[in-house]
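Structure, as structure tokens:
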Amino acid sequence: MVSHEGVAVTVTTEERMYTKDTTIQQGLSPLIGIIMTTSGCPIMEHLKPMVRFHLPFASLDETVFRMVAMHLMVQYYRNQEGKQAEWGLDGLTRVYAQVGIVNRDFANRLRDAAKKDANINALVNLDCFASMVPLVADDTLKAIRPYFSAYF
């Protein structure tokens, strides 16, 4: 399919249903992300908790919130097991750098296999979005800090 064609996408989970009128590439991006994350790839395995708590059509701010929350939960669990916890975001940045390599290599494979551009553009969109998370995480956290004022 051609990536810019319009579609109505419905995502149904046990808890709720999400719908959005969008392009094929935007509709495919989360699906490709879920498939890649659950594929058994040891790099993508780091994002696996995000699949259980997936938020279809998430904004960048929502994704940053979920990724930072997941990262901090990992550190909490590591600390509970007596392992060293890394409370900063450097580990998250490292994971996303590795994910970017996987996405690039998979995009090259898709490019060779696809007849049209929807799948490859969906992955490229997903990768661009994922690449933004570490870049904007600090600014996003500063912007949403006022929501947590009751804790200060």
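A compact table of results
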read-out: Nearest-20 debye value, the range 6-151 charge dipole, Cβ charges on Lys, Arg, Asp, Glu; value: 180 debye
read-out: R0 of 22 Å, Cβ-Cβ distance GLN80-PHE152: FRET efficiency to nearest 0.05; value: 0.30
read-out: Cα-derived Rg over Rh, computed across the range 69-152 with Rh taken as Kirkwood radius; value: 1.12
read-out: Separation between Cα centres of the range 105-152 and the range 19-60, rounded to whole Å; value: 10 Å
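Quick note: the coordinates plus some simple rules give every number you see, no bench work behind them. Just so you know, these numbers come straight off a predicted model, no measurement behind them. Don't worry about glycine lacking a Cβ; one is built from the backbone with ideal geometry, like all the others, and counts go over all protein chains shown.
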